[in-house]
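Just so it is clear, none of the values below were taken in a lab; they were calculated from the coordinates. Predicted, not measured: the structure shown is a model, and the values here were computed from it.
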Amino acid sequence: MTEDKRTVRLPHSVTMNDRRNLSMTGVEEVIGCDEEQLTLKTSMGELTVDGNGLHIGSFNRSTGELKLDGVIRGIVYADAEPDKQGFFKRLFK
């Protein structure tokens, strides 16, 4: 009998109020943080927040909840890694 290993993915959501307060769920790790940029690993991929005066108000790693304050200029998800197989390799399987 083999053990079935499944990864539990935290639900991910982003809520912004007045471009000054950001609440997120599904945050797995804070990769980098300064007053102008915050980079996170989320259950939906890498997320970067750009702004001014950014400050993490709270982060609970076990629940994946993060609260951020500051002037938020942008939120960008990094593209997923491209499929390594390619179109023709999948086609002629």
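Relative to the present Cα-Cα distance, how much length would full extension add between Arg19 and Asp69 at 0.36 nm per residue of separation?
Contour length minus Cα-Cα distance gives 17.1 nm.
Note the full-extension length gain between Asp34 and Ser62 as 0.36 nm times their separation in residues minus their Cα-Cα distance, in nm to one decimal.
The Asp34-Ser62 span can extend by a further 7.8 nm.
Starting from 0.36 nm per residue, how many nanometres of slack lie between His55 and Lys41 once their C-alpha separation is accounted for?
3.3 nm
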